[in-house]
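Step one of this worksheet: look at the structure below.
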There are 2 protein chains.
Amino acid sequence: MEELPRVLQQLWGIEGRSRPGPKPAFHISDIARAAIKLADAGGLGAVSMSKVAAELGFTTMSLYRYVDAKDDLYVVMLEHAFAEPPVLDPELDWRGRITAWAEAFRDGLRRHPWILQIPIQEPPLSPNQLAWMESGLDAFDGTPLTPQDRLSAMLLVNIYVRGTAQLTANMRTEPDEVREADRLYTERLTMLATPDRFPGIAATLEQPLDEGYAGDFDAAEFGFGLTTVLDGIATRITHTRTT
Amino acid sequence: MEELPRVLQQLWGIEGRSRPGPKPAFHISDIARAAIKLADAGGLGAVSMSKVAAELGFTTMSLYRYVDAKDDLYVVMLEHAFAEPPVLDPELDWRGRITAWAEAFRDGLRRHPWILQIPIQEPPLSPNQLAWMESGLDAFDGTPLTPQDRLSAMLLVNIYVRGTAQLTANMRTEPDEVREADRLYTERLTMLATPDRFPGIAATLEQPLDEGYAGDFDAAEFGFGLTTVLDGIATRITHTRTT
DNA sequence: CGCACACTGTGTGCGCCATACACAGACCAT
DNA sequence: ATGGTCTGTGTATGGCGCACACAGTGTGCG
């Protein structure tokens with residue numbers, strides 16, 4: 001039984017009792033707030049120990065009294081950016097519940113696109129992360145799925161939301177820039193993906209309504225793909241029920 | 001009509017005609033080989049301009065004669081790590097074909113786990129990347145899906161493979177380390193996810209056969225989830241056919 | 001009541017990184 | 001042959017994460 005890393009101890013509120021020495025001047029939540037502010041404004045690249053410290057009005061090295069390493073800073077940011085998971089309406093069926101969950105997740109990623117840039121080293125163990133996991137699993141209450149199947153299904157939706165967010169997240173905050181990048185991309189793709197060598201891609205480009213790959217992956221498109229994922233889960237549910 | 005970035009020009013073999021000056025001592029493919037060697041051994045973090053240059057026996061700055069910036073290095077690495085897409089057996093149905101495609105993709109990610117660490121800035125435009133896209137789209141030949149639907153379906157499978165690889169890719173090459181990390185994770189999760197506050201997670205942990213979240217996401221588990229995704233696509237196909 | 005000592009925030013410094021820039025030499029078109 | 005352009009190189013800059021020593025602070029224990 002190994003000790004929990006210090007970050008997790010702090011996030012779970014395992015307080016050290018009163019100790020000698022000066023009182024801490026701030027709290028990890030202050031660090032999180034400052035770091036999130038920087039990341040929202042300039043992406044994860046704008047978050048450095050010195051910038052965060054400057055934002056708080058302290059020196060760089062003071063942060064290391066609260067956080068063991070930069071990776072821990074990411075953990076704290078993540079934990080604060082995703083606060084409480086949505087309360088799922090028990091009146092809805094599982095599709096309605098997991099859809100609401102997925103949309104809440106997507107909203108979080110849209111609000112804080114830098115989350116997708118965080119290098120993931122370990123699976124999550126912090127309180128809010130687990131709360132989100134639990135919330136996603138609970139969406140399948142009432143279905144005949146086994147706990148493992150619920151986990152797989154929740155992970156599948158989780159992966160889908162992350163993946164689509166990744167596609168649309170060109171990370172530019174200005175919508176004009178996004179539109180321009182899309183235009184440039186389709187132009188180049190049209191030039192490079194000639195119908196003789198890339199007939200499938202070329203066919204996709206012929207319909208100018210949808211902007212093609214990496215076009216506006218907006219709400220409708222998101223829901224459409226999510227429906228496909230949920231149809232797959234539904235198939236497994238009915239299959240489980242009949243066996 | 002803007003010029004293509006230099007990296008893409010080079011990858012597509014748009015050669016500059018013979019020019020004055022000394023002949024280049026090597027080629028971007030040499031850079032790619034050296035960088036991939038480093039990344040395979042020590043992850044993407046082990047790839048720096050100086051390390052790559054040292055591997056080639058040149059100075060750091062010489063690389064900038066071939067590549068405009070570090071991001072371009074990533075593009076070249078990606079292009080070389082994923083060589084030719086698999087040739088899909090036309091005898092198979094779409095499920096068989098896209099399954100083979102997904103497995104080939106997964107194999108590539110397992111061979112070069114650092115691919116998942118590359119920060120994605122722009123959608124792909126390099127030759128092999130497009131060839132993989134085309135190959136994935138072609139898997140749906142013979143189905144009534146529209147080109148846009150094929151794109152969505154291919155992206156869905158693509159996202160799924162990436163996502164599952166992300167889960168299993170604890171990035172450690174030593175299987176013992178992975179197993180140890182899994183053990184530690186389940187231990188901690190069992191301690192933190194108490195049944196009263198996290199009943200769903202706790203239920204998942206009660207079945208010790210599957211190691212729970214981030215456990216060995218091996219071939220069987222991969223195929224199981226992929227089946228779910230393909231079932232969803234199948235639902236859309238039949239729905240398309242009937243309308 | 002006082003004091004030892006754990007703990008605080010700070011300053012300095014190290015090694016690594018990406019990359020800008022100036023330079024000496026190599027080579028092709030003319 | 002020679003001018004101009006391209007090559008690889010050396011040097012320099014600003015940023016980064018973080019180790020470490022230090023002076024001051026405040027609590028628990030004697």
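Looking at region B:128-143, is at least one residue open to solvent by 40 Å² or more (accessible area, probe 1.4 Å) and away from every other protein chain (no Cβ under 11 Å)?
Yes; the residues of region B:128-143 include at least one that is open to solvent by 40 Å² or more (accessible area, probe 1.4 Å) and away from every other protein chain (no Cβ under 11 Å).
Can you pull out the residues in region B:88-117 that are touching a Ser or Thr at 6+ places or on another chain (Cβ under 8 Å) and open to solvent by 30 Å² or more (accessible area, probe 1.4 Å)?
Matches in region B:88-117: B:LEU88, B:TRP94, B:ARG106.
Confirm whether A:ALA234 is under 22 Å from B:TRP132 (Cα atoms), assigned to a helix (DSSP H, G or I), among the hydrophobic types (A, V, I, L, M, F, W, C) and modelled with pLDDT of 95 or more.
For A:ALA234, the condition - under 22 Å from B:TRP132 (Cα atoms), assigned to a helix (DSSP H, G or I), among the hydrophobic types (A, V, I, L, M, F, W, C) and modelled with pLDDT of 95 or more - is not met.
Looking at region B:57-73, can you tell me whether even one residue there is more than 12 Å from DNA strand C (Cβ to nearest atom) and of a type in the set (Gly, Ala, Ser)?
yes
Output yes when any residue across region A:118-125 is part of a helix (DSSP H, G or I), open to solvent by 10 Å² or more (accessible area, probe 1.4 Å) and in contact (Cβ under 8 Å) with a residue 60 or more places away in the chain, and no when none is.
The answer is no, given that none of the residues of region A:118-125 is part of a helix (DSSP H, G or I), open to solvent by 10 Å² or more (accessible area, probe 1.4 Å) and in contact (Cβ under 8 Å) with a residue 60 or more places away in the chain.
Being in contact with a Ser or Thr (Cβ under 6 Å, 6 or more places away or on another chain) and either of a type in the set (Lys, Arg) or open to solvent by less than 20 Å² (accessible area, probe 1.4 Å) (or both) is the filter here, so list the residues in region A:50-73 that pass it.
Hit for region A:50-73 is A:ALA53, nothing else.
Which of the residues belonging to region A:1-35 are at pLDDT 90 or above, open to solvent by less than 40 Å² (accessible area, probe 1.4 Å) and not polar (S, T, N, Q)?
Listed by number, the residues that qualify are A:VAL7, A:LEU8, A:LEU11, A:PHE26, A:ILE28, A:ILE31, A:ALA32, A:ALA34, A:ALA35.
The values are calculated or read from the model by the stated rules, or taken from the named source; none is laboratory data. Source: prediction; values computed, not measured. Positions of Cβ are backbone-derived with ideal geometry, glycine not excepted, and every protein chain shown enters the neighbour counts. Protein only, heavy atoms only, side chains kept; ligands, DNA and RNA dropped before computing areas. Shrake-Rupley method; radii C 1.70, N 1.55, O 1.52, S 1.80 Å.
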